[in-house]
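Derivation of every value follows stated rules applied to the coordinates shown; laboratory data play no part. These numbers were taken from a predicted model, which means no experiment stands behind them. Backbone-built Cβ (ideal geometry, glycine too); neighbour counts: all protein chains shown.
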């Protein structure tokens, strides 16, 4: 069985990059989109990155267009949007599929390691998606844009968090802090 570190991804500029380059760091892997109601999370993700990068946190953004076509642009357009609108400086990667037959190998590994996500009590986000018939029948599938996977400094997937749970959530904040101090 391969590890997260044996996975190769493409940067948003199209260059192959091994996740082994991030060995020894805590990672927050997020599927992102530019035209989603959750897109303002970029601001909080960037703030967390600036705050915690020196402590060993890397945030890795993976654009995904599988949810109502909310990431329709090219990689160059996504990069420009993130830079100009939210000042994103954390690493961004080429578009990936997070669900279905075309699911990227990274997301295959993340989901296999953490099939259940943590949600905030009373959020109602899952019910809202279900009410609009936008929820997958597969409980392990990525629910929506901005679902987050937390990986420990030794490469173990230690958490998975619902799309509407921001990095300012006490639950997610505590998990990131624990990953950084472990």
Roughly what % of DSSP beta bridges within segment 4-181 run antiparallel, to the nearest 5? 55
Extension length gain for residue 68 and residue 16 (0.36 nm per residue less Cα distance), in nm, is 16.0 nm
Suppose R0 equals 25 Å; then what is the FRET efficiency for residue 140 and residue 101 from their Cβ-Cβ distance, rounded to the nearest 0.05? 0.95
Taking other Cβ within 10 Å of each residue's Cβ, how do 132, 143, 165 sort, fewest first? 132, 165, 143
Packing-based order for 173-179, 116-122, using average beta carbon neighbours within 10 Å, highest first: 173-179, 116-122
Reduced to Cα centres, the span from segment 18-41 to segment 67-104 in Å works out to 10
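For 75, 139, 147, which order do you get if you count the other beta carbons within 10 Å of each Cβ and list the fewest first? Don't skip to the end; give the middle numbers.
Values: 75 17, 139 10, 147 26.
Exposure proxy ranking, most exposed first: 139, 75, 147.
Expressed as a rounded percentage, what relative contact order does segment 1-83 have, with Cα pairs under 8 Å and six or more residues apart? Each step should come with its number before you reach the end.
Values: 90 pairs, mean separation 25.4, N = 83.
Averaging sequence separation for qualifying contacts and normalising by length gives 31 percent for segment 1-83.
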Taking 8 Å as the Cα distance limit and 6 or more residues as the minimum spacing, I'd like the relative contact order of the chain as a percentage. 28
Compute the orientation-averaged projected area for segment 4-181 from the convex hull of its Cα atoms and round it to one decimal in nm². 9.3
In square nanometres, what is the average projected area of the Cα convex hull of segment 87-182? 7.4
If I build a Gaussian network model for the chain, linking alpha-carbon pairs within less than 10 angstrom, which residue out of 171, 151, 59 has the largest mean-square fluctuation? 171
MRE, 222 nm, helices only [DSSP H, n ≥ 4, -39500 (n - 2.57), over the chain, to nearest 500]: -8500 deg cm²/dmol
Identify which of 60, 134, 38 has the largest mean-square fluctuation in a Gaussian network model of the chain, with springs joining Cα atoms closer than 10 Å. 134
Modelling each spin label as a point 7 Å along the Cα-to-Cβ direction, I'd like the residue 128/residue 47 distance in nm, to one decimal. 1.9
